[in-house]
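> Before we start, here is the structure in question, set down as structure tokens.
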Amino acid sequence: MTPITEVEGRRLTLSNLDKVLYPATGTTKGEVLHYYAATAAEALLAHLRERPVSFLRYPDGPDGQRFFTKNPPPGTPSWVRTAPVPHHDNEGARQIVVADLASLMWAANLVVEFHSPQWRAGTPGVADRLVFDLDPGAPASVVECCEVALWLRERLAEDGLEAYGKTSGSKGLHLLVPLEPTPSGRVSAYAKGLAVRAELELPDLVVHRMKRALRPGKVFVDFSQNAAAKTTATPYTLRARAEPTVSAPVTWAEIEACRSPGELVFMAGDMAERLARYGDLLGPLNEQGRGRPVPDTPQDRDPA
């Protein structure tokens, strides 16, 4: 029998709670839903607020079929909020906005990764944060990502910008920076300039182009997720990996001290203790007045 529960006055049908989604750890769908409801909800909802979400769905676990969707799934309840979003081939496009716990649990029941843009509904294409996705090419790892993150932190600080870190939940690291609302194109240009500068100053460690042949042993500083059409894994989302890893906020002390990849891997079961110890390390991203202006011009031009 499929259980029906009530969340904030909304009736939800929760399915297949005993289904094992992560065979490596035996983690069931019920445990995934418990993580979102009991551990991550408050912090995650703060980062989803007013941001249209895209879903990477993996209903049969990370080894099953995975598909990315921006459109509201068939059967989306009428009470789940949607917002209009710009779309080059669909002027009437809308996406889900996860506005409350009931909507979060409805979405989590679909078994999804949460991905969100750097702008909010109502001001599409006007970013209030900047993101760098630091992606290591083997044999490089998150250890090398931390070295690059520390370099970027210093350069950003020189421009009056404060960076915050989180794991990607996969192999790398994300840096997030609160901004005054700025057109996404300007943010992308600034971020590209900094990525190019990183490659020029750290040529043995950094690459700023996506071409895979360039990436073994280096950290790809991906600035492209600042584009208005792109999204990044939302803080606290579970990832479709072999184990239930989380895109988890980390301290700069942890980044500075990282000497092996396992030191910056966090599972769903780790997050209650981390939230109790640190609170939401990315909370400042959502605070009024934290955003700072983006420098007027990119710091470097792409020599290519």
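The values are calculated or read from the model by the stated rules, or taken from the named source; none is laboratory data. Computed from a predicted model, the values in this text were never measured in an experiment. Ideal geometry is used to build each Cβ from the backbone, glycine not excepted, and the neighbour counts take in all protein chains shown. Areas reflect the complete protein model, heavy atoms only, side chains present, ligands, DNA and RNA absent. Shrake-Rupley method; radii C 1.70, N 1.55, O 1.52, S 1.80 Å.
> With the dipole of region 93-163 worked out from charges on the C-beta (+1 for Lys and Arg, -1 for Asp and Glu) around the Cα centre, which of Cys145, Leu130, Ala157 lies farthest toward the positive end?
Sorting the options by dipole projection puts first Leu130.
> Note down the relative contact order for region 168-304 as a percent, whole number, built from C-alpha pairs under 8 angstrom at least six residues apart.
Taking the mean separation of contacting Cα pairs over the length of region 168-304, I get 37 percent.
> A follow-up question, please. Only four residue types carry charge here, +1 at the Cβ of Lys and Arg and -1 at the Cβ of Asp and Glu. Report the dipole size of region 1-156 about the Cα centre in Debye, rounded to the nearest 20.
420 debye
> By how many nm would the segment from Thr13 to Glu154 lengthen if fully extended, with 0.36 nm per residue of separation less the alpha-carbon distance?
45.9 nm
> How charged is the neighbourhood of Ala138? Take every other residue with its Cβ under 13 Å from the Cβ of Ala138, and add Lys/Arg as +1 and Asp/Glu as -1.
+2
> What nm value, rounded to one decimal, do you get for the distance between Leu214 and Thr25 when each label is placed 7 Å out toward the C-beta?
Using points 7 Å along Cα→Cβ, the separation is 3.5 nm.
> Can you pull the one-decimal nm distance between simple spin-label points at Thr251 and Glu273, each 7 Å off the Cα toward Cβ?
My value for the distance between the label points is 1.4 nm.
> For region 214-228, in order, what is each residue's ³J(HN,Hα) by Karplus, 6.51 cos²θ - 1.76 cosθ + 1.60 with θ = phi - 60°, in whole Hz (x at glycine and Pro)?
So the Karplus estimates, Gly and Pro as x, are 8, 9, x, x, 10, 9, 7, 8, 8, 9, 5, 6, 7, 4, 4 Hz.
> Just the accessible area per residue of region 104-188, please: how many Å² with a 1.4 Å probe?
29 Å²
> List the pairs from Lys19/Lys171; Lys171/Lys230; Lys70/Lys192; Lys29/Lys192; Lys29/Lys218; Lys19/Lys218 whose alpha-carbon separation is above 29 Å, in the order I gave them.
Check vs 29 Å cut-off fails for Lys29/Lys192; Lys29/Lys218; Lys19/Lys218.
> If you roll a 1.4 angstrom probe over the protein chains with everything in place, what fraction of the accessible area of region 94-203 belongs to carbon and sulfur, to the nearest %?
Of all accessible area on region 94-203, carbon and sulfur atoms account for 53 percent.
> Would you compute, from DSSP H runs of 4+ residues alone, the mean residue ellipticity of the chain at 222 nm, taking -39500 (n - 2.57) per run and dividing by the full residue count, rounded to the nearest 500?
-7000 deg cm²/dmol, from helical runs alone.
> Oh, and also: How much net charge surrounds Arg277 when only the other residues with a Cβ under 14 Å from the Cβ of Arg277 are counted, with Lys and Arg +1 and Asp and Glu -1?
For residues surrounding Arg277, the net value is -3.
> Where the centroid of each part is defined by its Cα atoms, how far is region 1-80 from region 118-186 in Å?
26 Å
> Using a Förster distance of 41 Å, how high is the FRET efficiency between Ser260 and Glu180, based on the Cβ-Cβ distance and rounded to 0.05?
Efficiency, rounded to the nearest 0.05: 0.60.
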